[in-house]
Amino acid sequence: MIDERRIHHLNQAPVTIGPVVYWMSREQRVSDNWGLYHAQQIAIEQKVPLLVVFTLADAFLGATVRHFGFMLRGLEQVAVDLDNLDIHFSFLRGEPKRSIQKFIEHVNPGCLVCDFDPLRIKRQWFDGVAAEAKIKVVEVDGHNIVPCRIASPKREFGAYTLRPKLKRLLPEFLTPVPKIARHSFVLSSSTALERNRLDANSLLSQLQLDKRVGEVSWVLPGETVANAALAEFIEHRLKGYTVNRNNPLLEGQSGLSPWLHFGQLSPQRVALAVAAQGDGQDVDALLEELIVRRELSDNFCLNCQHYDSIGAAPDWARKTLEKHRQDPRNYFYTLNEFEQAETDDQLWNSAQLQMMHTGKMHGYLRMYWAKKILEWSASPEEAISTAICLNDRYSLDGRDPNGYAGIAWSICGVHDRAWGERPIFGMIRFMSYDGCKRKFDLAGYCRQWQK
Ligand code: FAD
Ligand code: FO1
């Protein structure tokens, strides 16, 4: 059964008789999907059809062919899986709020279930529809193991303040997600809904997308591939994760973030599968990242409206960046010079090239990469906007709360503490080229990623 605390009512309208609609957006999968499960439970109780809808936003926060290709090919599998369960899947084009409202007028559902998502654009979609809808609209948190709104009612200072709250609630929430059953209440023929087959290739050719950032081939989309990748990581690379994950020359990280970002893989399934390996530093280290760091990002984006700008900076960081605003910079680069990896730092250039070519920069270098942008930009404001622009444009896992939190941590001290004062950074934690050289084979990494 679903824990009521995972459900958040977006309006006070009553549940009426009619099909139940699950508006899939963040959790783009059939298995381990709390929102889909809850929608089916209501539909079974009411003995009504269950309809899944996905609204395609043509220009979603600057996403390119790389992102839409990965997402649409993953959704092709969702459409097949739902069809096999006699659950109708509609794929709507146009402005999402408008297209879902037209859909609601057409099918007269009794209830609408949507995914929890702290991003501004999603709040506008979901809160906007709930405010105008005559039917019950509920939000289900299928992304956080401990529902974001339950873990904490406010913005947390850092991992150290959220961790104990998560740890206390984890035993109640880290449970298997019940399976989705074949649905036995099908739509009456009167509500003629077109069975639009989802064809990623034809859609990609229709969308006005930036094609300069091409699809990547090292990672394939879809739930089946994602779960196989999880099994491979656990079997071959979980052991040694603590030591290897910060070495950019090794495949020490799990590589799961693209599937987690698009909801093709459930974080709850990852946590259950990893925790089943028993205690140990590698299990603890992975769960710390997957549960504490990742759920801290959602807490940050939900409780800080300036999550993608300097307004997110804690007081100490705002003051120290202000004090050092006029410090002389050794280098200045424009967005284009950053984008073309044309700085005077070969390590930074190599990290940028890795992200451009593969859509995934190594996690350790992401910190260095963002911090150098602060050092080489005219202002912290410009640095944040450059980092977000490049990260969202090239990273497969971009446009994600983890990205906004990661950039805010690197550039304006969010979830971090003050360090020794120095030019430009003030007391923002600094990372140096030589520090990286001491940590891993820097020359080897640069050889791997030079133009
Ligand atoms: P693993 O080390 O295998 O971790 C497993 C999972 O744990 C990750 O997929 C992720 O869900 C979570 N996780 C790991 N590290 C972090 C972290 N620091 N914060 C939050 N969650 C974490 N992550 C994104 O998903 N999208 C982004 O756009 C993104 N941008 C970042 C930008 C900067 C400047 C920084 C410093 C970090 C960013 N991160 C981002 C967080 C982290 O670097 C990535 O989640 C991680 O590198 C993804 O690779 P992985 O799945 O192999 O990680
Ligand atoms: N979510 C949608 O509901 N519709 C979309 O068309 C859509 C496009 C999209 C493109 C790139 C990308 O990185 C994410 C995209 N998402 C879309 C959102 C995604 O499902 C996640 O919900 C958020 O990005 C993370 O919170």
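The values are calculated or read from the model by the stated rules, or taken from the named source; none is laboratory data. All of these numbers come straight from a predicted model, not from anything done at the bench. Note that we place each Cβ from the backbone using ideal geometry, even for glycine, and neighbour counts take in every protein chain shown. Surface areas here come from the heavy atoms of the whole protein model, side chains and all, with no ligands, DNA or RNA. Shrake-Rupley method; radii C 1.70, N 1.55, O 1.52, S 1.80 Å.
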- Query: How many residues are open to solvent by less than 10 Å² (accessible area, probe 1.4 Å) and either outside the structural domain of Lys360 (by TED's automatic domain parsing) or away from ligand 2 (no atom under 16 Å from the Cβ) (or both) when one looks only at segment 388-425?
  - Reply: 6
- Task: Among the residues of segment 206-262, write down those that are more than 12 Å from ligand 1 (Cβ to nearest atom) and of a type in the set (Asp, Glu).
- Result: Asp210, Glu215, Glu223, Glu232, Glu235
- Of all residues in segment 320-362, which are in contact with a Lys or Arg (Cβ under 7 Å, 6 or more places away or on another chain) and aliphatic (A, V, I, L, M)? Leu353
- Residue by residue through segment 356-383, note down the ones that are near ligand 1 (Cβ under 10 Å from one of its atoms) and in a helix (DSSP H, G or I). Gly363, Tyr364, Leu365, Arg366, Met367, Tyr368, Trp369, Ala370, Lys371, Ile373
- Query: Pick from Leu238, Leu287: which is in contact with an Asp or Glu (Cβ under 6 Å, 6 or more places away or on another chain) and of a type in the set (A, V, I, L, M, F, W, C)?
  - Reply: Leu238
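Suppose the filter is outside any helix (DSSP H, G or I), more than 30 Å from Leu209 (Cβ to Cβ), open to solvent by 40 Å² or more (accessible area, probe 1.4 Å) and not hydrophobic (A, V, I, L, M, F, W, C); does Asp344 pass it? Outline the logic, then answer.
Working: outside any helix (DSSP H, G or I): yes; more than 30 Å from Leu209 (Cβ to Cβ): yes; open to solvent by 40 Å² or more (accessible area, probe 1.4 Å): yes; not hydrophobic (A, V, I, L, M, F, W, C): yes.
The answer is yes for Asp344.
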- Hey, does segment 40-60 have a residue that's free of Cβ contacts under 8 Å to residues at least 40 places away in the same chain, within 14 Å of ligand 2 (Cβ to nearest atom) and of a type outside the set (A, V, I, L, M)? yes
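Is it true that Lys154 is at pLDDT 95 or above and open to solvent by 20 Å² or more (accessible area, probe 1.4 Å)?
Details: at pLDDT 95 or above: yes; open to solvent by 20 Å² or more (accessible area, probe 1.4 Å): yes.
It is true that Lys154 is at pLDDT 95 or above and open to solvent by 20 Å² or more (accessible area, probe 1.4 Å).
Look at Thr343 and say whether it is in contact with a strand residue (DSSP E or B) (Cβ under 8 Å, 6 or more places away or on another chain) and over 22 Å from Leu61 (Cα atoms).
Details: in contact with a strand residue (DSSP E or B) (Cβ under 8 Å, 6 or more places away or on another chain): no; over 22 Å from Leu61 (Cα atoms): yes.
The answer is no for Thr343.
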- Message: So, in segment 124-152, exactly how many residues are under 13 Å from His8 (Cα atoms) and away from ligand 1 (no atom under 16 Å from the Cβ)?
- Response: 11
- Assess whether Ile121 counts as being in contact (Cβ under 8 Å) with a residue 12 or more places away in the chain, within 16 Å of ligand 1 (Cβ to nearest atom) and surrounded by fewer than 23 Cβ atoms within 10 Å (Cβ to Cβ). yes
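Check Leu82, Leu72 and return the single one that is near ligand 2 (Cβ under 10 Å from one of its atoms), at pLDDT 95 or above and in a helix (DSSP H, G or I).
Numbers: Leu82 fails: near ligand 2 (Cβ under 10 Å from one of its atoms).
Within the list Leu82, Leu72, the selection yields Leu72.
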- Residue, surrounded by the fewest Cβ atoms within 10 Å (Cβ to Cβ), within segment 219-268, restricted to residues that are among the aliphatic types (A, V, I, L, M), within 16 Å of ligand 2 (Cβ to nearest atom) and assigned to a helix (DSSP H, G or I): Leu260
- Message: I'd like to know if segment 426-436 contains one or more residues that are surrounded by 21 or more Cβ atoms within 10 Å (Cβ to Cβ) and either closer than 17 Å to Asp308 by Cβ or under 15 Å from the mean Cα position of the chain (by Cα) (or both).
- Response: no
- Among (1) surrounded by 23 or more Cβ atoms within 10 Å (Cβ to Cβ); (2) within 19 Å of the chain's Cα centre (by Cα); (3) within 15 Å of ligand 2 (Cβ to nearest atom), Val113 falls short only on (2)
- Taking the condition surrounded by fewer than 21 Cβ atoms within 10 Å (Cβ to Cβ), of a type in the set (Gly, Ala, Ser) and at pLDDT 95 or above, does Gly363 pass? yes
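Does Ala378 count as farther than 21 Å from Asn247 by Cα, within 16 Å of ligand 2 (Cβ to nearest atom) and either free of Cβ contacts under 8 Å to residues at least 24 places away in the same chain or assigned by TED's automatic domain parsing to the domain that holds Lys360 (or both)? If you could, list the steps in order and put the result at the bottom.
Details: farther than 21 Å from Asn247 by Cα: yes; within 16 Å of ligand 2 (Cβ to nearest atom): no; either free of Cβ contacts under 8 Å to residues at least 24 places away in the same chain or assigned by TED's automatic domain parsing to the domain that holds Lys360 (or both): yes.
No.
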